[in-house]
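Novice: Quick one: the structure is below, and I'll ask about it shortly.
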Amino acid sequence: MKRGRPERRCRAEYSGRLLSGSARSQAGLSLIELLVVVGLILILTTLYWGSGGESREHRQRRACQENLKRIYMALEIYANEQAGKFPVVSGARTAEEALDVLVPRYTIDTPVFVCPASKEAPLPAGESFRRRKISYAYYMGRRAADVQEVLMSDRQVDTLSKAAGQALFSSTGRAPGNNHQGHGGNLLFGDGRADWSPPRAPGSLVFTQGVVLLNP
């Protein structure tokens, strides 16, 4: 009987060491798992924020296109009442002066005249913007029949005609023509479609007789 007690104590101590080792092993695995989880979170966060700028850029492009399409609806109504002519204002030097005739009879949705990617201040709804600042250039003198011609666009680098490959929008992110920070800009055609363009003109953008380009 006296010999049995030390044996039981030894077994108990041995079992305790095993349990202690097992606990330490489990704690080590938990730490490794925690580090793996933290690492995955960091990777996913990096991927999310790395693609976030591009996602915002594409959202702004689409929002800008929607703006131009909504402006086109007002222009189309105007042209239907004016024998197929889009707004022409004698002596106009800016897009604001020419397009202001649309407000408020043909549209009160004046916030759409500001590109969401630009730094222009928001416009009060339904109010004249003749003495304010919009974001879009306007080819004054176009007619509704000019369905393949560019009618409006994001602000351009200048008011000259453009041959294919010439600078159309800023490629540096600096003004002028930098609505989309050097990535390019949108073009609105006479049939109401809006397409994205790189900073250099994808094709010839020359003026027909009586047409002038007005920048904001």
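The values are calculated or read from the model by the stated rules, or taken from the named source; none is laboratory data. Every value quoted in this text rests on a predicted model; they were computed, and no experiment measured them. Backbone-built Cβ (ideal geometry, glycine too); neighbour counts: all protein chains shown.
Novice: If I filter the stretch 26-33 for residues that are closer than 30 Å to Pro122 by Cβ, among the small types (Gly, Ala, Ser) and at pLDDT 70 or above, do I get at least one hit?
Specialist: For the stretch 26-33, residues closer than 30 Å to Pro122 by Cβ, among the small types (Gly, Ala, Ser) and at pLDDT 70 or above: absent.
Novice: Same structure again: Taking the stretch 129-168 as the search range and keeping residues that are in a loop (DSSP other than H, G, I, E, B) and under 21 Å from the mean Cα position of the chain (by Cα), which one is surrounded by the fewest Cβ atoms within 10 Å (Cβ to Cβ)?
Specialist: Filtering first and then ranking leaves Lys133.
Novice: Then there is this: Do we have any residue at all in the stretch 172-185 that's part of a loop (DSSP other than H, G, I, E, B) and basic (Lys, Arg)?
Specialist: yes
Novice: Can you list residue pairs whose Cβ atoms sit under 7 Å apart, with the first residue in the stretch 103-125 being farther than 30 Å from Gly182 by Cα and modelled with pLDDT of 95 or more and the second being in a loop (DSSP other than H, G, I, E, B) and polar (S, T, N, Q)? Count only pairs 6 or more apart in sequence or on different chains.
Specialist: As it stands, the answer is Val103/Ser128, since those pairs meet every condition given.
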